[in-house]
Amino acid sequence: MRVSKAMMASNNSKIINNASVLFRQQGIDATSVAQVMEAAGLTHGGFYRHFESKEALVVAALDCAFERLTAPLVENLESLG
């Protein structure tokens, strides 16, 4: 079954968001790919369509967190001109 680009992006976000929550709750080492995919409501086998490894997911989750933290700062700096 083919998945649209929009659905692929939505699933990717679900994986990252659920991984972020689990990483904070349990720690990175204690969180399995299977737990992340279950929390996201997706199959374990689908993980590798989105990420090469758990380490790649950790990097994506950190990038997302960094973006959320810095976005307001960037907006404030840009408003100063």
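Each value in this text was obtained by applying a stated rule to the coordinates, not by laboratory testing. The structure displayed is predicted, hence computed values, not measured ones. Note: ideal-geometry Cβ built from the backbone for every residue, glycine included; neighbour counts use all protein chains shown.
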To the nearest 0.05, how large is the calculated FRET efficiency for Lys5 and Cys64 if R₀ is 30 Å and r is the Cβ-Cβ distance?
0.95
Over the chain, with a Gaussian network built from C-alpha contacts below 10 Å, which listed residue (Ala60, Ala34, Ala71) shows the highest mean-square fluctuation?
Ala71
Based on the Cβ-Cβ distance from Tyr48 to Leu80, what FRET efficiency comes out when R0 is 41 Å, to the nearest 0.05?
0.40
Ratio of Rg to Rh over segment 5-80 (Cα coordinates, Kirkwood Rh, two decimals):
1.06
Normalising by the residue count of the chain, find the relative contact order in percent from Cα pairs under 8 Å and 6+ residues apart.
29
